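Encoded as structure tokens, the structure appears first; notes follow it.
Each value in this text was obtained by applying a stated rule to the coordinates, not by laboratory testing. Not measured: the values here are computed from a predicted model. Positions of Cβ are generated from backbone atoms using ideal geometry, with glycine treated the same way; all protein chains shown enter the neighbour counts.
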Amino acid sequence: MRILLTNDDGYDAPGLRALWRAVGFLPDVEIDVVAPECVQSGKGHSISRTIRCRRAAVEPIGELVAIDGTPADCVRAALALPGRSRPQWIIAGINRGSNLGVDVYYSGTVAAAREAAMHGIPALAISQLVKADLPDDWAMSSRLAVAIIAALLQPDKPAPAGADGAIHRMVKELCAKHRPAPDGPAPCWNVNLPKPADGRPPEAVRMVPVSTDPLPAEYAHRLDGNGLDILEDAGSYHQRPHRPGTDIAEAFGGTITISNLMI
């Protein structure tokens with residue numbers, strides 16, 4: 001199985017390295033990496049008419065392709081560059097920061113997965129909720145990611161080394177109930193990993209709908225020296241409105257959420 005990895009945090013982001021380690025535990029896979037030259041967070045599904053590509057290397061991944069463009073550009077470039085095999089899955093992440101609710105319209109991570117699905121390639125976007133008072137734990141994120149990815153991509157195989165076995169079992173059970181029709185459009189899964197305050201791995205996984213509650217437009221206003229109006233984001237991400245049972249409510253409550261996005 002050939003898998004393409006990309007992200008929106010840049011080709012040298014720790015989340016991409018964590019994803020590469022996770023996918024490397026899967027048996028019988030070949031991994032390609034095409035990722036942005038620099039941070040593209042919040043760029044949504046924008047694309048470029050001209051895409052500049054260069055070969056780069058980053059440890060421990062090794063050689064990859066760095067794109068002067070957006071995450072959606074990365075997917076399009078991977079399909080257009082000569083001498084490359086078409087991937088069977090495309091995975092975007094692990095994003096530092098969740099992509100919940102209407103974030104899926106703003107997110108470059110999710111846009112990369114959606115672009116893949118538009119081209120008939122099954123795709124997965126995976127994001128890690130962050131909290132200012134808690135350190136990143138990319139080793140934990142990688143263990144959870146490989147459990148989820150293995151269950152979605154290789155449901156007939158046992159949990160690979162490095163995977164959280166309990167999470168792998170739960171995702172396989174969910175997939176058996178919610179697997180997309182084989183003759184339907186390519187699935188586009190959106191996964192969010194919670195951030196429990198005690199540092200322990202989450203104990204639940206749920207397939208949930210994406211919240212449609214808007215992200216509040218809350219800004220602090222000031223005038224600069226030229227008399228221009230300046231608006232600076234003043235909203236609290238963790239206090240955003242959400243409905244019970246949606247991805248926001250579940251992820252904020254400590255559950256791993258999986259949503260099948262319709263393209």
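Tabulated values for the structure
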| quantity | calculated |
| --- | --- |
| Magnitude of the charge dipole, region 2-260, Cβ model with Lys/Arg +1 and Asp/Glu -1, debye to 20 | 700 |
| Selected from Val39, Ser85, His238, residue furthest toward positive end of dipole (the chain; charges at beta carbon) | Ser85 |
| Chain lengthening between His178 and Asp198 when straightened (0.36 nm per residue, less Cα-Cα) | 4.1 nm |
| Gaussian network model of the chain, springs between alpha carbon atoms under 10 Å - residue of Ala217, Ala22, Ala161 with greatest fluctuation | Ala217 |
| Met207 versus Ala161: modelled label distance in nm, points set 7 Å from Cα along the beta carbon direction | 3.2 |
| Radius 12 Å from Cβ of Ala220, net charge of other residues (Lys, Arg +1; Asp, Glu -1) | -3 |
| Relative contact order of region 120-263, defined on C-alpha pairs under 8 angstrom at six or more residues apart (%) | 28 |
| Candidates per trypsin sites (Lys or Arg not before Pro) in region 94-190, loop by DSSP, up to 13 other Cβ within 10 Å | Lys131 |
| Listed residues Asn190, Val146, Ala159: farthest to the positive end of the dipole of region 132-217 (Cβ charges) | Ala159 |
| Pairwise label distance in nanometres, Thr50 with His119, each label 7 Å out on the Cα-Cβ vector | 2.1 |
| Three-way shape label, region 143-263, alpha-carbon gyration tensor, a/c 1.5 | prolate |
| DSSP bridge pairs, region 2-260: antiparallel proportion in percent, nearest 5 | 40 |
